[in-house]
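Chemist: Structure provided below as structure tokens; questions to follow.
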Amino acid sequence: MSFGLELRKVKRTGFLPAFLGGGILAAAVPVLNMAFRSEIYVGINAAPVNILLNANWQIMSMFNILLVVVGACIMYNTEYAEGAIQKMCTLPTKESTMFFGKIAVLIAVSILLLLIETISVFGCSVHWFEVSADLYMETLKSFGFFLLLMLPTVFCALLIASLSKNMWIGLGIGVMCVFAATMIPSQNFVLTLFPFALPFQTLENHTADVIRNYAAAGAVETVLIALLEIMILKVRRSFE
Amino acid sequence: MNIIETQNLTKSYGKFTAVSEINLHVPKGTVYGFLGPNGAGKSTAMKMFLGLTKPTGGAFVINGKQFPGDRVQILKEVGSFIEAPAFYGNLTGEENLDIIRRILGLPKSSVSEALEIVGLTQYRKRLAKKYSLGMKQRLGLAGALIGKPPILILDEPTNGLDPVGIHEIRALIRSLPQQFECTVFVSSHLLSEIELMADNIGILNHGRLLFEGTLDTLKSSAASMGYPTDNLEDTFFALIDADNRQRGGVR
Ligand SMILES: Nc1ncnc2c1ncn2[C@@H]1O[C@H](COP(=O)(O)OP(=O)(O)OP(=O)(O)O)[C@@H](O)[C@H]1O
Ligand SMILES: [Mg+2]
């Protein structure tokens, strides 16, 4: 119900084209990389998915995070630009319902993004490497891991976007967070827990223990940010 | 029976008090005119009714329900339009109303009904951000009227309308209690406008309620205090002026 409502609200804002276009662009990264420099990669003695993600995921995930930040800002800009959010607040729903409706839309388009990218990585594996039996399973696991680690980014980006009536402030803060995330060394577990840095992690570079820690951290951060937003919505009312 | 009632309702922003201990009584099935000059606190009081801003003192009851506990229940029964029209610029007039309709759980036909009432049917497929000022105002009104809620809170609904539009909307507001059995709480700067619509009047100045009652009571009490009564606008100005002078520089 609120998912459909929030999806309607982004009509004609370029929201869906941005995610579709961005997804295709990100998916083109491994394809182009292999098309021009496959000789560097095919000789490496590792699983194809592993090789491909090591070579391309930093750039691909950077696309994803930026798209999520921009998408979150577009969503709240439609609310603030002409004051629609004030009308919404006088209707019998909760502001948090709106927030979680938008979360659902952002997660749906993130799944779309990851799906396009996963298909691309899978296609590259099939085309340039020898396919092993566990390729399907590996790809699927990777997709699930990426999706989980994307959640804190989605929640955090939308929380930032919901704070400021001026879209440019939200966008500025979001982009700054993304750049801060790219500067974090990916070996430092604690630092990589920064919500915007989590999506850079790949399954293949970690032991089972570390993976479990990342998954748990992703889930905990998501819940914490959601609680924070609910608190902010409650408190903000008394200052208006 | 009073459908809206306030008890010493107060809103302060820091040291400044925008609404000061007002006691309003809005009888069911009537049009109540809420009158006051710029900055009197009309919009602030209305925002409190809708939960857009928290009272800092006092309380109010709407249709037997209280904020914040019955917030959702109250908002189901209240159609509102506060200050500037609020809408999604990237959606058409029709799509904007459809969003509101879905949240209120109304039948599909309510959208075209609301468009018809405010005279926007012809422009329903146009993007709301491309509407003229008066059309935006009408869209805001449609958003308040949709589904014919039992209580309407309208903040300066004739702002920005052309003379024909003003006349139409006033006539509409006047007719609402008989047509749909609803109660209308409407604000304005003009006593002459309120006179044409309202059964009861509340006059606000600097956050304080100067007068509450019918037009006739206002006239007779103004006469007894020696204010001019042949022109209502003069009565209003005299009342406000006297109050301002009485406060002196204190504000
Ligand atoms: N968020 C706020 N912070 C501080 N002061 C505020 C705030 N909102 C309103 N005020 C002040 O409260 C007073 C009442 O404002 P309000 O908008 O209720 O007036 P009004 O009667 O609706 O006036 P108008 O006829 O111009 O619409 C004004 O002096 C205004 O500056
Ligand atoms: Mg006002």
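Bear in mind that the values in this text are calculations on the coordinates, not laboratory data. The structure presented is a predicted model; accordingly, all values stated were derived computationally and were not measured. Note: ideal-geometry Cβ built from the backbone for every residue, glycine included; neighbour counts use all protein chains shown.
Chemist: Put a dot 7 Å past each Cα toward the Cβ at residue A:132 and residue A:44; how far apart are the dots in nm?
Modeler: Result for the modelled spin labels: 1.4 nm.
Chemist: Continuing with the same structure: Work through the residues other than residue A:76 whose Cβ is under 13 Å from its Cβ and net out their charges, Lys, Arg +1 and Asp, Glu -1.
Modeler: Local charge sum for residue A:76: -2.
Chemist: Read phi for every residue in region A:41-54 and hand back ³J(HN,Hα) as whole Hz from Karplus 6.51 cos²θ - 1.76 cosθ + 1.60, θ = phi - 60°, with x for Gly and Pro.
Modeler: With coefficients 6.51, -1.76 and 1.60, one gets 9, 5, x, 5, 8, 7, 5, x, 4, 4, 4, 5, 5, 4 Hz.
Chemist: Still on this model: Between the helical axis of B:109-118 and the dominant principal axis of chain B, each derived from Cα atoms, what acute angle in degrees is found, rounded to the nearest 10?
Modeler: For B:109-118 against chain B, the angle is about 50 degrees.
Chemist: Run the dipole for region A:10-132 about the Cα centre, Lys and Arg Cβ at +1, Asp and Glu Cβ at -1, nothing else charged, and hand back the magnitude in debye, nearest 20.
Modeler: So the magnitude is around 360 debye.
Chemist: Another question about this same structure. Pairs A:9/A:165; B:11/B:47; A:94/B:28; A:11/A:87; A:11/B:47: which are spaced more than 21 Å apart, C-alpha to C-alpha?
Modeler: A:94/B:28; A:11/B:47
Chemist: Karplus couplings for region A:13-30 from phi (6.51 cos²θ - 1.76 cosθ + 1.60, θ = phi - 60°), rounded to Hz, Gly and Pro as x?
Modeler: Each residue of region A:13-30 in turn: 9, x, 5, 5, x, 4, 6, 5, x, x, x, 5, 4, 5, 5, 6, 4, x Hz.
Chemist: Let me know the Rg and Dmax you get for region A:83-134 when you use only its Cα atoms, in Å.
Modeler: Over region A:83-134's Cα set, Rg and Dmax evaluate to 20.0, 60 Å.
Chemist: Still on this model: So who's got an amide H within less than 5 Å of the one on residue B:211, skipping anything under 5 residues away but keeping other chains? H placed 1.01 Å off N, in plane.
Modeler: B:203
Chemist: Right, here's the next one. For region B:86-149, with the dipole built from +1 on Lys and Arg beta-carbon atoms and -1 on Asp and Glu ones, taken about the Cα centre, which of B:118, B:97, B:133 lies farthest toward the positive end?
Modeler: Final value for the positive-end residue is B:133.
Chemist: Give me log10 I(q)/I(0) at q = 0.10, 0.12, 0.21, 0.25 Å⁻¹ for region B:37-125, Debye formula, one equal scatterer per alpha-carbon, no solvent.
Modeler: Values returned for q = 0.10, 0.12, 0.21, 0.25 Å⁻¹ are -0.35, -0.50, -1.09, -1.24.
Chemist: Can you sort B:71, B:170, A:212 from fewest to most other Cβ atoms within 10 Å of each residue's own Cβ?
Modeler: Ascending number of Cβ neighbours within 10 Å: A:212, B:71, B:170.
Chemist: Considering only C-alpha atoms, what is the centroid distance from region B:103-119 to region A:75-91, in Å?
Modeler: 20
Chemist: Moving on. Averaging over all projection directions, find the projected area of the Cα convex hull of region A:1-118 and quote it in nm² with one decimal place.
Modeler: Reported value for the Cα convex hull: 8.3 nm².
Chemist: Then there is this: Please list 3J(HN,Hα) in residue order for region A:72-82, calculated via the Karplus relation 6.51 cos²θ - 1.76 cosθ + 1.60 where θ = phi - 60°; whole Hz, with x for glycine and proline.
Modeler: Per residue, the Karplus-derived 3J(HN,Hα) values read 4, 5, 4, 4, 6, 5, 4, 6, 8, 3, 10 Hz.
Chemist: Among A:178, A:49, which comes first, second and so on when ranked by fewest other beta-carbon atoms within 10 Å?
Modeler: A:178, A:49
Chemist: Tell me, what is the percent relative contact order of chain A, built from C-alpha pairs under 8 Å that lie six or more residues apart?
Modeler: Answer for chain A is 27 percent.
Chemist: May I pose another question? Given that compact globular proteins tend to follow 2.2 N^0.38 Å, what is the ratio of the alpha-carbon Rg of chain B to that value?
Modeler: 1.02
Chemist: Report Rg (one decimal) and Dmax (nearest whole number) for region B:86-149, counting Cα atoms only, units Å.
Modeler: Values for region B:86-149 (Cα only, Rg and Dmax): 10.2, 29 Å.
Chemist: Considering the options A:193, A:28, A:84, tell which one lies farthest towards the positive end of the dipole of chain A, charges being +1 on Lys and Arg and -1 on Asp and Glu at the Cβ, about the Cα centre.
Modeler: Going by the Cα projections, it comes out as A:84.
Chemist: Taking the convex hull of the alpha carbon atoms in region A:119-207, what volume per residue do you get, in Å³?
Modeler: 122
Chemist: Pairing the Cα long axis of helix B:93-104 with the longest principal axis of chain B, what angle in degrees results, from 0 to 90 and rounded to the nearest 10?
Modeler: 80
Chemist: On each of the three principal axes of the Cα atoms of region A:2-239, give max minus min coordinate, whole Å, ordered largest first.
Modeler: 62, 37, 29 Å, listed from the longest principal axis down.
Chemist: Once you keep just the Cα pairs under 8 angstrom separated by 6 or more residues, what percentage relative contact order results for region B:86-149?
Modeler: 45
Chemist: Could you tell me which of B:214, B:10, B:37 has its Cα farthest along the dipole of chain B towards the positive end, charges placed at Cβ (Lys, Arg +1; Asp, Glu -1), taken about the Cα centre?
Modeler: Positive-most Cα among the choices belongs to B:10.
Chemist: Could you give the alpha-carbon Rg of the protein assembly as shown over 2.2 N^0.38 Å, rounded to two decimals?
Modeler: 1.24
Chemist: Under a Cβ-only charge scheme (Lys and Arg +1, Asp and Glu -1), can you give me the dipole magnitude of the protein assembly as shown about the Cα centre, in debye to the nearest 20?
Modeler: In debye, rounded to 20, the protein assembly as shown gives about 140.
Chemist: If you don't mind, there's one more thing I want to ask. Can you list the residues, at least 5 places off or on another chain, whose amide H is less than 5 Å from the amide H of residue B:183, using H built in the peptide plane?
Modeler: B:29, B:151, B:152
Chemist: Also, quick follow-up: Based only on other Cβ atoms within 10 Å, what is the fewest-to-most ordering of B:1, A:98?
Modeler: With the sparsest Cβ surroundings first, the list reads B:1, A:98.
Chemist: Restricting to DSSP H runs of at least four residues, report the calculated mean residue ellipticity at 222 nm for the protein assembly as shown, -39500 (n - 2.57) per run over all residues, nearest 500 deg cm²/dmol.
Modeler: Using -39500 (n - 2.57) per qualifying helix, the result is -19500 deg cm²/dmol.
Chemist: With axes computed from alpha carbons, what is the tilt in degrees of helix B:163-180 against the longest principal axis of chain B, rounded to the nearest 10 within 0 to 90?
Modeler: Approximately 90 degrees, to the nearest 10.
Chemist: Using only alpha carbon positions, build the gyration tensor of region A:1-70, then give the equivalent ellipsoid semi-axes as the square roots of 5 times its eigenvalues, largest first, whole angstrom.
Modeler: Square roots of five times the eigenvalues give 34, 12, 9 Å.
Chemist: Let me ask something else about it. At a Cα cut-off below 17 Å, give the lysines reachable from residue B:219, other chains included and same-chain residues fewer than 8 away excluded.
Modeler: Output for residue B:219: empty list, no partners.
Chemist: Please state the charge dipole magnitude for chain A, taken about the Cα centre, from unit charges on C-beta atoms (+1 on K and R, -1 on D and E), reported in debye and rounded to the nearest 20.
Modeler: In total the dipole reaches around 940 debye.
Chemist: Could you pull out the GluC sites (Glu not before Pro) across region A:49-141 that fall in loop regions by DSSP (anything but H, G, I, E, B) with no more than 15 other Cβ atoms inside 10 Å?
Modeler: Passing sites in region A:49-141 are A:130.
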